[in-house]
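The values are calculated or read from the model by the stated rules, or taken from the named source; none is laboratory data. Keep in mind it's a predicted model, so treat the numbers as computed, not measured. In this analysis, Cβ positions are derived from the backbone assuming ideal geometry, glycine residues included, and neighbour counts consider all displayed protein chains.
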Amino acid sequence: MWIMARAQPVFGPDVGLDTEREAREQSLVLAATRGDGRAFAALVRPHLDMMYRLAARFSGDRHLAEDAVQEALSVASCELGRYRTGTSLRAWLATIAIRRAHTLARAERRRRAREQAAWSPELSQSPAELFGAAALAQRIREVLAGMPDKRREAAMLRWDAGLPYAEIAAAIDSTEASVRVLVHHAVKELRESLRDLVDDTGGSRREPSGQEEP
């Protein structure tokens, strides 16, 4: 079972610290690819909170988020040899977490839809369910789920992981300019999709934390 831990402070512009950090990361990656479990744990531990936050945002379910992180860690362990040292490990892990959360959430939605169609009568939603924060969060998840893969990943890496555009571009194999466009389109799509909730309730729209125009 992985253990949640606070993210480590981001290193500043001190080149010496950056060099030391990269050297330590390379050493840990090399050891982890040779089967050193402690080295792998040291690599991923600072990023677990971020991975869980991304998975929870997408799935809306604590247990699914935990499963997604567990699976993401398994994938990362198996594919660590593909990670390019010197690039952003945080972005690489975040992308894996988003993809696993997407897969699990999609499977869970299908399972629930089958169960509801087979056993449950159609129930009307209460005003709280229709207009409350839970409905808004659910709508955001639905919009994210319907986005093209790269747009969804770029948006979540920007909003929830707080990554710079350059790191996102490297993580999803794109360019910084393209990532800015992807995030811009994600913002526009969310605004359009949430408009009816805002109009009906008269309240102010809350978008994912960290969201901004390119």
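May I ask you to verify whether Met156 is touching a Leu at 6+ places or on another chain (Cβ under 8 Å), closer than 27 Å to Leu48 by Cβ and either modelled with pLDDT of 90 or more or of a type in the set (A, V, I, L, M, F, W, C) (or both)? Taking the combined requirement at face value, the residue satisfies it. A single member of Arg100, Arg141, Arg112 is in a helix (DSSP H, G or I) and at pLDDT 90 or above, and it is Arg100.
Remark: pairs (first residue in region 183-195, in a helix (DSSP H, G or I); second residue among the aromatic types (Phe, Trp, Tyr) and modelled with pLDDT of 90 or more; Cβ separation under 8 Å; 6+ apart in sequence or on different chains) = Val183/Tyr165. Quick one: in region 23-35, which of the residues that are exposed (fewer than 14 other Cβ atoms within 10 Å of the Cβ) and among the charged types (D, E, K, R) is modelled with the lowest pLDDT? Only one residue fits best here, namely Arg24.
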